1. Of everything in the range 106-125, what is closer than 24 Å to LEU88 by Cβ and surrounded by fewer than 24 Cβ atoms within 10 Å (Cβ to Cβ)? Give them in sequence order.
2. Only one residue in LEU88, LEU73, LEU94, LEU78 is under 20 Å from TRP28 (Cα atoms), in contact with an Asp or Glu (Cβ under 8 Å, 6 or more places away or on another chain) and part of a helix (DSSP H, G or I), so which one is that?
3. Please go through (1) free of Cβ contacts under 8 Å to residues at least 40 places away in the same chain; (2) of a type in the set (Val, Ile, Thr); (3) surrounded by 21 or more Cβ atoms within 10 Å (Cβ to Cβ) for ILE128 and return the number of the only condition it doesn't satisfy.
4. If TRP113 satisfies every condition in (1) within 19 Å of MET20 (Cα to Cα); (2) of a type in the set (Phe, Trp, Tyr); (3) touching a Leu at 6+ places or on another chain (Cβ under 8 Å) but one, which is the exception?
5. Can you tell me which residues in the range 22-52 are surrounded by 14 or more Cβ atoms within 10 Å (Cβ to Cβ), closer than 21 Å to MET74 by Cβ and among the aliphatic types (A, V, I, L, M)?
6. Mind listing just one residue for me: the one in the range 171-184 that is part of a loop (DSSP other than H, G, I, E, B) and touching a helix residue (DSSP H, G or I) at 6+ places or on another chain (Cβ under 9 Å) and, of those, nearest to TRP113 (Cα to Cα)?
7. State whether the residues of the range 100-116 include one that is among the β-branched types (Val, Ile, Thr) and modelled with pLDDT of 85 or more.
8. Name the residue, out of GLY160, GLY93, GLY154, that is on the phi > 0 side of the Ramachandran plot, modelled with pLDDT under 90 and touching a helix residue (DSSP H, G or I) at 6+ places or on another chain (Cβ under 9 Å).
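The values are calculated or read from the model by the stated rules, or taken from the named source; none is laboratory data. Treat the numbers as computed from the prediction; the structure is a model and nothing was measured. Backbone-built Cβ (ideal geometry, glycine too); neighbour counts: all protein chains shown.
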Amino acid sequence: MSSESPRHAVETPKGAAFFMIGAVLLLWILEIIDQFILFFINLDHMLGIRSWELTGLFGLVTAPLMHIGFQHLMSNSLPFMILGFLILVGAGGLQRFIGATVASALGSGLFAWALNAVHTFTVGASGIVFGWLTYLILRGVFARNWSNIIVSIGVLFIYGGVLWGVLPTTPGVSWQAHLGGAIAGGLAAWWMHQKAARRADRGVRIA
């Protein structure tokens, strides 16, 4: 018995490109709003992860949407768009994209919350970027599929150097969030591969 899931529109190259461009535009719109109302409300403090405060855990959901200025957002925008596109089109589709994103955001946020100094505010999408990066690299290793391996090698060649960000090398940058996202992304790749393998053992094939 075999079944194939219909390909979602967002999993096509055109659909994925529009989706990721829209996601990055949303981040830029939020940053413009944040800068505009900065004199009245500090959204970074409201929506960021506040270490060792229970109310700060709300930032697990909202912190990836906020950035400390346009330079911070600019550094995340291109890898965010490219890595997200690659997951949607060539490394699992929408379901795996959602799984890798949720895992990376939670892993990054929890590491930042637990390991940063008390009352530290952490914002930014870089934890998700690190999670997507390790997901894409390990996805090819686990799947043993040539197309996925080629994607993994390409990602490692272009963005592999970014992984140094999991070390405490840059003052003011939460390497804890980077490390948590990277670990969670790798675990997501392993877990989703195991899940797919169990389905294959039962005679069910997935697209």
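1. Hit for the range 106-125 is LEU106, nothing else.
2. Result: LEU73 is the single residue among LEU88, LEU73, LEU94, LEU78 that is under 20 Å from TRP28 (Cα atoms), in contact with an Asp or Glu (Cβ under 8 Å, 6 or more places away or on another chain) and part of a helix (DSSP H, G or I).
3. (1)
4. (1)
5. ALA23, VAL24, LEU27, LEU30, LEU43, LEU47 - these are the residues of the range 22-52 that are surrounded by 14 or more Cβ atoms within 10 Å (Cβ to Cβ), closer than 21 Å to MET74 by Cβ and among the aliphatic types (A, V, I, L, M).
6. Going through the qualifying residues, I end up with SER174.
7. yes
8. Sole residue among the options that is on the phi > 0 side of the Ramachandran plot, modelled with pLDDT under 90 and touching a helix residue (DSSP H, G or I) at 6+ places or on another chain (Cβ under 9 Å): GLY93.
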